[in-house]
Amino acid sequence: MSYWENDLGTIVSGAIPRFCVWAPDVAMVEVVIETPGRPAESHAMLRGADGFHRTAVGGVADGDLYRYRLDGRGPFPDPASRY
């Protein structure tokens with residue numbers, strides 16, 4: 001294990017990417033997947049007691065964009081995006 005391992009943002013390690021955002025003051029977070037030429041899809045994220053919201057979404061491809069919707073507001077860009 002490395003000294004510091006970042007679990008925020010999008011982690012691709014296999015076929016299904018994982019999304020994680022820290023939003024301790026928000027009750028519900030959705031990840032909104034934007035695929036060119038298709039309507040955006042939103043996926044509810046599970047909120048942990050630690051304030052992190054996580055989910056995994058299949059069918060996401062290179063070139064797809066994602067943003068987060070917080071308690072119905074947004075969507076907003078990922079503050080931990082590596083792009």
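The values are calculated or read from the model by the stated rules, or taken from the named source; none is laboratory data. Source: prediction; values computed, not measured. All Cβ positions, glycine included, derive from the backbone under ideal geometry; neighbour counts span all protein chains shown. Ligands, DNA and RNA are stripped out before the accessible areas are found, and what is left, the full protein with its side chains, is counted by its heavy atoms. Shrake-Rupley method; radii C 1.70, N 1.55, O 1.52, S 1.80 Å.
Could you check region 66-83 and list, in sequence order, the residues that are within 13 Å of VAL29 (Cα to Cα), assigned to a loop (DSSP other than H, G, I, E, B) and open to solvent by 50 Å² or more (accessible area, probe 1.4 Å)?
Answer for region 66-83, where residues must be within 13 Å of VAL29 (Cα to Cα), assigned to a loop (DSSP other than H, G, I, E, B) and open to solvent by 50 Å² or more (accessible area, probe 1.4 Å): ASP71, GLY72, PRO77.
Tally the residues that are farther than 14 Å from ILE11 by Cα, assigned to a strand (DSSP E or B) and open to solvent by less than 60 Å² (accessible area, probe 1.4 Å), restricting the search to region 43-65.
Of the residues in that region, 2 qualify.
Within region 11-32, can you find the residues that are at pLDDT 85 or above and either among the β-branched types (Val, Ile, Thr) or more than 23 Å from LEU70 (Cβ to Cβ) (or both)?
ILE16, VAL21, VAL26, VAL29, VAL31, VAL32, listed by residue number.
Each row is one residue, and each column tells you yes or no for (1) more than 14 Å from the chain's Cα centre (by Cα); (2) at positive phi; (3) not polar (S, T, N, Q).
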{"residue": "ILE11", "(1), (2), (3)": "no, no, yes"}
{"residue": "PRO24", "(1), (2), (3)": "yes, no, yes"}
{"residue": "VAL31", "(1), (2), (3)": "no, no, yes"}
{"residue": "SER42", "(1), (2), (3)": "no, no, no"}
{"residue": "ARG67", "(1), (2), (3)": "no, no, yes"}
{"residue": "LEU70", "(1), (2), (3)": "no, no, yes"}
{"residue": "PHE76", "(1), (2), (3)": "no, no, yes"}
{"residue": "SER81", "(1), (2), (3)": "no, no, no"}
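Among the residues of region 63-83, which ones are of a type in the set (A, V, I, L, M) and modelled with pLDDT of 95 or more?
Within region 63-83, LEU70 is the sole residue that qualifies.
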